[in-house]
1. Would you check if there is a residue in segment 3-24 being surrounded by 13 or more Cβ atoms within 10 Å (Cβ to Cβ), in contact with a helix residue (DSSP H, G or I) (Cβ under 8 Å, 6 or more places away or on another chain) and not in a loop (DSSP other than H, G, I, E, B)?
2. Spot the failing condition for residue 102; the list is (1) farther than 13 Å from residue 25 by Cβ; (2) surrounded by 13 or more Cβ atoms within 10 Å (Cβ to Cβ); (3) within 12 Å of the chain's Cα centre (by Cα), and only one is missed.
3. So is residue 29 surrounded by 19 or more Cβ atoms within 10 Å (Cβ to Cβ) and assigned to a strand (DSSP E or B) or not?
4. Search segment 108-136 for residues being in contact with a helix residue (DSSP H, G or I) (Cβ under 7 Å, 6 or more places away or on another chain) and in a loop (DSSP other than H, G, I, E, B), and hand back the single one that is modelled with the highest pLDDT.
């Protein structure tokens, strides 16, 4: 009788974020570098949002959703389209010449989550649409989340708790700044004007 070497596919099961329109806050931005795709190699990034009012029953933490983009602000690029619907207006030529994606961190929006099912039956939560929060809505802050770059730096530097402390401090600073803005202009959803970034 011959030897066997059995290999099988065991897809990881996880609970997807519920479908629907949810208030969210941008919590992470990851440069994926150059990724090979259907149209050749392209620079890519992944943007993450936290949805604090939707708690994952497995982790007991707010759901995190993400969307991958080609790094481009071309008029047909998905990144530009999503940023313009999120901010509620088009970019000016000046803004297009140099837009800092880090400005998005801590900015609120509403995300439309739509589920899709893979061939093996797994359900994925996809960010379909991004729009501004409604005027008068309270802004929310990132809770209990450490950015990927901070986690990697902490692992590399051996400081396991320093990044979490920085994240908590930054979250508290954002909360204080948001509270000040809300007091000054409560009808704009916590932002100084109608454009959050």
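The values are calculated or read from the model by the stated rules, or taken from the named source; none is laboratory data. For clarity, every value in this text was computed on a predicted model and none was experimentally measured. Every residue, glycine among them, receives a Cβ derived from its backbone with ideal geometry; neighbour counts consider all protein chains shown.
1. No, segment 3-24 contains no residue that is surrounded by 13 or more Cβ atoms within 10 Å (Cβ to Cβ), in contact with a helix residue (DSSP H, G or I) (Cβ under 8 Å, 6 or more places away or on another chain) and not in a loop (DSSP other than H, G, I, E, B).
2. If we test residue 102 against (1) farther than 13 Å from residue 25 by Cβ; (2) surrounded by 13 or more Cβ atoms within 10 Å (Cβ to Cβ); (3) within 12 Å of the chain's Cα centre (by Cα), just (2) comes out false.
3. On the way: surrounded by 19 or more Cβ atoms within 10 Å (Cβ to Cβ): no; assigned to a strand (DSSP E or B): yes.
Criteria not met by residue 29.
4. Ranking the candidates gives 132 first.
Table: residues versus (1) over 21 Å from residue 129 (Cα atoms); (2) touching a residue at least 12 places away in the same chain (Cβ under 8 Å); (3) not in a strand (DSSP E or B).
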residue	(1), (2), (3)
42	yes, yes, no
46	no, yes, no
53	no, yes, no
57	yes, yes, yes
65	no, yes, no
76	no, no, yes
85	no, yes, yes
94	yes, no, yes
99	no, yes, yes
